[in-house]
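A quick write-up on the structure given underneath.
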Amino acid sequence: MSKDFKKRPVCVPACACTHADRQRTGRVVVAMSGGVDSSLAAALLKEEGYEVLGVTMRLYKGDENLEAAQQVAQKLEIPWYVLDLIKEFKKLVINYFCQEYLAGRTPNPCVICNLKIKFGLLLEKAKSLGADYIATGHYAINEYDQKSKRFLLKRGIDENKDQSYFLYRLNQDILPYVLFPLGRFKKSQSRELAKNFGLENHEKKESQEICFIREGDYRRFLRQNVSENIKPGKFIDKLGNILGAHQGIPFYTIGQRKGLGISSNTRKYVIKIDPQENTVILSEEEDLYQDKLIIKDLNFISGDKLSDSIKVEVKIRYNSKKSPAITSPYRDDKILINFEKPQRAITPGQSAVFYQGDIVLGGGIIEK
């Protein structure tokens with residue numbers, strides 16, 4: 001980072017509603033990935049009167065976003081810096097990703113990255129250097145509620161682009177310092193605005209789902225990084241009958257049908273993974289549906305714990321629809337979720353996120 005940063009008190013607005021209602025003279029560090037969304041976030045904030053500094057986090061070797069982010073910063077005439085977090089990203093995100101797959105779970109690394117890297121290490125760095133806020137290109141809304149005197153995380157208005165699911169681990173210690181300039185835009189509007197600002201990346205394709213895995217082949221990534229811990233085993237049915245051999249439990253996820261490499265008179269799906277026995281259980285599609293699940297590693301954005309049963313809508317993965325459910329306290333600081341309708345392929349390791357209307361209440365990691 002640059003020596004140009006000067007340490008000064010961090011401003012936490014007491015009556016902020018949206019970023020547009022906050023003071024527009026603060027210093028804001030924008031996490032610039034090189035994509036159109038973070039680039040537009042920087043452009044909008046500068047236009048609104050903020051002192052904008054662009055920071056690109058270098059998270060893994062071979063990251064090709066640095067040059068694109070630098071070009072945008074030059075176009076906007078804002079300072080731009082690189083923050084090298086390769087070691088931290090490997091320790092906190094990549095290792096987590098690999099260990100979860102080895103344990104028979106299907107992780108969501110974006111949730112962990114947001115908490116520990118973007119709104120963790122980057123926010124700490126920004127505060128220490130005198131920034132009032134950090135901003136990202138997420139499609140979500142951060143509002144201050146006068147009645148509860150708390151910040152509320154809400155869904156972005158673009159249902160197809162809303163990214164509040166990935167942000168459910170934020171809390172009242174983080175949200176006062178966070179701006180989401182794109183939450184009230186649709187993706188098509190963002191591209192048009194970026195074009196109007198003269199940003200050359202306004203037509204750039206969406207980034208891949210997992211940034212550190214090229215071409216989306218996570219199995220190849222696991223082979224390259226933890227192959228010594230991947231052991232072949234058996235496919236079995238619900239009764240324990242052997243159906244064939246699998247290549248290693250990290251290569252399978254709940255609901256998977258393709259790539260099993262077995263012969264059967266009926267379609268078989270992965271319905272359970274048992275890492276202790278190193279087995280993958282297969283059955284018919286009807287066995288993928290469940291009406292309840294248990295979650296752990298809880299976070300409630302308000303800071304309050306769940307003390308009684310409440311009605312919510314729940315997403316069990318990013319691209320699923322919200323489904324009505326009752327959440328209830330469970331033993332050992334866990335939560336039991338009972339759905340009105342059975343859900344397909346509930347997957348341990350993924351996040352279950354609770355909503356009431358457009359407000360994100362919180363969520364946790366699916367245990368079973």
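Since every read-out is calculated from the coordinates, none of them should be taken as a lab result. Note that the structure is predicted; figures quoted are calculated from it, not measured. All Cβ positions, even for glycine, are placed from backbone atoms using ideal geometry, and neighbour counts span all protein chains on display.
Can you compute the modelled spin-label distance between Glu124 and Tyr289, with each label point 7 Å from Cα toward Cβ, in nm?
Reported label-point gap for Glu124 and Tyr289 is 4.7 nm.
Provide the packing ranking of 312-322, 106-116, i.e. peptides ordered by the mean count of other C-beta atoms within 10 Å per residue, highest first. Mind dumping the intermediate values first?
Numbers: 312-322: 17.6, 106-116: 21.2.
Those peptides, ordered most packed to least, come out 106-116, 312-322.
For a 20 Å ceiling on Cα separation, which of these pairs sit above it: Lys258/Lys292; Lys90/Lys118; Lys268/Lys334; Lys91/Lys231? Intermediate results must be reported in sequence, preceding the final value.
Details: Lys258/Lys292 26 Å; Lys90/Lys118 14 Å; Lys268/Lys334 32 Å; Lys91/Lys231 23 Å.
As for pairs spanning more than 20 Å Cα to Cα, those are Lys258/Lys292; Lys268/Lys334; Lys91/Lys231.
On a full-extension model of 0.36 nm per residue, what is the gain between Asp333 and Lys238, subtracting their alpha-carbon distance, rounded to one decimal in nm? Don't skip to the end; give the middle numbers.
Details: separation 95, 0.36 × 95 = 34.20 nm, distance 3.03 nm.
Taking 0.36 nm per residue and subtracting the Cα distance, the gain is 31.2 nm.
Packing-wise, with mean Cβ within 10 Å as the measure, how do 128-141, 178-191 rank, highest first? The partial results should precede the final answer.
Values: 128-141: 22.2, 178-191: 20.6.
Peptide ranking by packing, descending: 128-141, 178-191.
To make sure I understand, if each residue's beta carbon is the centre and we count other beta carbons within 10 Å, what order do Tyr218, Tyr101, Tyr96 fall in, fewest to most? Kindly include the intermediate steps, with their values, before the conclusion.
On the way: Tyr218 21, Tyr101 27, Tyr96 16.
The fewest-first ordering by Cβ neighbours comes to Tyr96, Tyr218, Tyr101.
Tell me, in nm to one decimal, what length is gained between Glu51 and Ile262 on full extension, where the rule is 0.36 nm per residue of separation less the Cα-Cα distance? Intermediate values should be presented prior to the final figure.
Details: separation 211, 0.36 × 211 = 75.96 nm, distance 5.95 nm.
Difference between extended and current length: 70.0 nm.
Quick one: Kirkwood hydrodynamic radius for segment 297-362, alpha-carbon pairs, angstrom, one decimal?
On the way: mean 1/r = 0.0816 Å⁻¹.
About 12.3 Å for segment 297-362.
For His246, which sequence-distant residues (separation of 5 or more, or a different chain) have an amide H within less than 5 Å of its own amide H, given hydrogens modelled in the peptide plane?
Amide H neighbours of His246: Gly233, Lys234, Phe235.
Kindly give Rg over Rh for the chain, based on alpha-carbon atoms, with the Kirkwood expression for the hydrodynamic radius.
Values: Rg = 21.9 Å, Rh = 22.0 Å.
When Rh is taken as the Kirkwood radius, the ratio is 1.00.
For the pair Glu228/Tyr60, report the inter-label distance in nm, with labels modelled 7 Å from Cα in the Cβ direction.
Those two pseudo-labels are separated by 2.1 nm.
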